Amino acid sequence: MKFLYNIGIRSYGLAIAIASLFNDKAKRWREGRKEIFSKLQAVFENVKEPVAWFHCSSLGEFEQGRPVIEAFRQKYPTYKILLTFFSPSGYDVRRDYIGADYIFYLPLDTPSNAKQFVKIVKPKFAVFVKYEFWYNYLSQLHKANVPTYLISAKFRPEQYFFKGYASWFRKQLNVYKKIFVQDMDSEQLLKSIGLENIIVAGDTRFDRVIAIAEKVKEDTLVSTFKGNCKLWICGSTWPEDEKMILHAFYHLKVSGEKVKLLLVPHETGENNISRLLNTFPKAVKYSTAKKTEVLGTDVLVVDKMGLLSSLYHHGDIAYVGGGFGKGIHNLPEAAVYGIPVLFGANYHKFNEAYDLIKCNGGSSVSSADEMLSDVSHLLKDEIFRKKSGEAAKAYIYGARGATEKIIAELSSIS
């Protein structure tokens, strides 16, 4: 199985190399790793302080790891912090993150790469966020006696770890000194395959979104755009979401609703933004908009990454995208502001979606007409809308505390 795994990893690298000839994201993935070991060597040959290594696949995982990174930095300022990313969508946005001393791409998980990386960096410990199971890195960390942790993890019965053929993959989980899971279901699954190195800590995203909300600043352009209207914020959207949003928003305006739409797509590349500006009549682009322009439009399209978690502050209703594709995006970053949260039908892997439905802080929509109906109801019934928002916020604040539990464990080796 190890042989097949390494063949698969090398095949993936070859596929990325081919895709980089015509795909910008693949090109950035590949170019970011050029001469990576020379760069690492130049940095770490002079580092005398202990190194804490945090690895995140992409931007979403970073937001889950960030509260832990910042809490660790505050408690142990003598450590140097290395942050690595697998995906350009994380690295490109957070390459200048001041909470880490060094930020790099993670080299592809080949045996030689993993061995060289661990030898150069010499981490005191390693923290992987949520879904990172790189066999060769875990193996090299284990050989070097480096304590390794998995945080904000969530496991489901359909994952390969729990299949009869997956004994080789299950061995990876034994490498972690501790696995911090989000819920008791994940704990029970891991115990069913013989693991005991488990702590139910919760989801660090709740700590992160609360920290953002408590320091949020007003976006004057969005405030001007909103004016005296209600603001419907649709975040992390994909084309499947946007078709329904277009239908619902058109009918809301036709019916006379005094509402505006702030659209924040998941992909903010030039081609996608141009498509949206052509799709939504009289839409204005955030990065180039003037206050006089936003006063005259009902649709503002945000073409910058990293703003969404703060922009929800201005909303009255949120829709979080992804639920008509692979799965919904970050519900807590909207719910923390005390606004009702809508999302698509593919939410079954996400505890927070079930919890928001249960507490009446959110709801799922399965069609454009259902989206229209739910948004219309929330706009017309102010008492219901406010109660729903308050329930969403109370749920988020009631679920905080995962970061503190993780830091307490890391303190034992620091």
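The values are calculated or read from the model by the stated rules, or taken from the named source; none is laboratory data. For clarity, every value in this text was computed on a predicted model and none was experimentally measured. Quick reminder, even Gly has a Cβ in these numbers, built from the backbone with ideal geometry, and neighbours come from all protein chains shown. Accessible surface areas use protein heavy atoms only, side chains included; no ligands, DNA or RNA. Shrake-Rupley method; radii C 1.70, N 1.55, O 1.52, S 1.80 Å.
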Residues of the stretch 130-183 that turn out to be touching a Pro at 6+ places or on another chain (Cβ under 8 Å), of a type in the set (Lys, Arg) and more than 18 Å from residue 68 (Cβ to Cβ), as a count: 0
Unique match (being surrounded by 23 or more Cβ atoms within 10 Å (Cβ to Cβ), touching a Lys or Arg at 6+ places or on another chain (Cβ under 9 Å) and more than 23 Å from residue 409 (Cα to Cα)) among 91, 102, 97: 91
Against the condition buried (at least 22 other Cβ atoms within 10 Å of the Cβ) and of a type in the set (D, E, K, R), how does residue 409 come out, does it pass? no
Looking only at the stretch 49-65, which residues are open to solvent by 10 Å² or more (accessible area, probe 1.4 Å) and modelled with pLDDT of 95 or more? 49, 50
I need the full set of residues from the stretch 224-240 which are of a type outside the set (S, T, N, Q) and either modelled with pLDDT under 95 or under 21 Å from residue 385 (Cβ atoms) (or both), in order please. 225, 226, 227, 229, 230, 231, 232, 233, 234, 235
Show the residue pairs that are 6+ apart or on different chains and have beta-carbon atoms under 8 Å apart, the first residue being within the stretch 282-303 and among the acidic types (Asp, Glu), the second being assigned to a loop (DSSP other than H, G, I, E, B) and open to solvent by less than 60 Å² (accessible area, probe 1.4 Å). 303/268
The stretch 1-48 - residue that is under 30 Å from residue 170 (Cβ atoms), of a type in the set (A, V, I, L, M, F, W, C) and open to solvent by 90 Å² or more (accessible area, probe 1.4 Å) and, of those, modelled with the lowest pLDDT: 1
Does the stretch 368-390 contain at least one residue that is closer than 20 Å to residue 208 by Cβ and either touching a helix residue (DSSP H, G or I) at 6+ places or on another chain (Cβ under 7 Å) or surrounded by 18 or more Cβ atoms within 10 Å (Cβ to Cβ) (or both)? yes
Single match in 318, 334 (criterion: touching a residue at least 40 places away in the same chain (Cβ under 8 Å), in a strand (DSSP E or B), on the phi < 0 side of the Ramachandran plot and under 20 Å from the mean Cα position of the chain (by Cα)): 318
Being polar (S, T, N, Q) and open to solvent by less than 70 Å² (accessible area, probe 1.4 Å) is the filter; apply it to the stretch 279-296 and report the residue that is nearest to residue 313 (Cα to Cα). 287
Of the residues in the stretch 356-367, those that are surrounded by fewer than 16 Cβ atoms within 10 Å (Cβ to Cβ) and either within 22 Å of the chain's Cα centre (by Cα) or among the small types (Gly, Ala, Ser) (or both) number 3
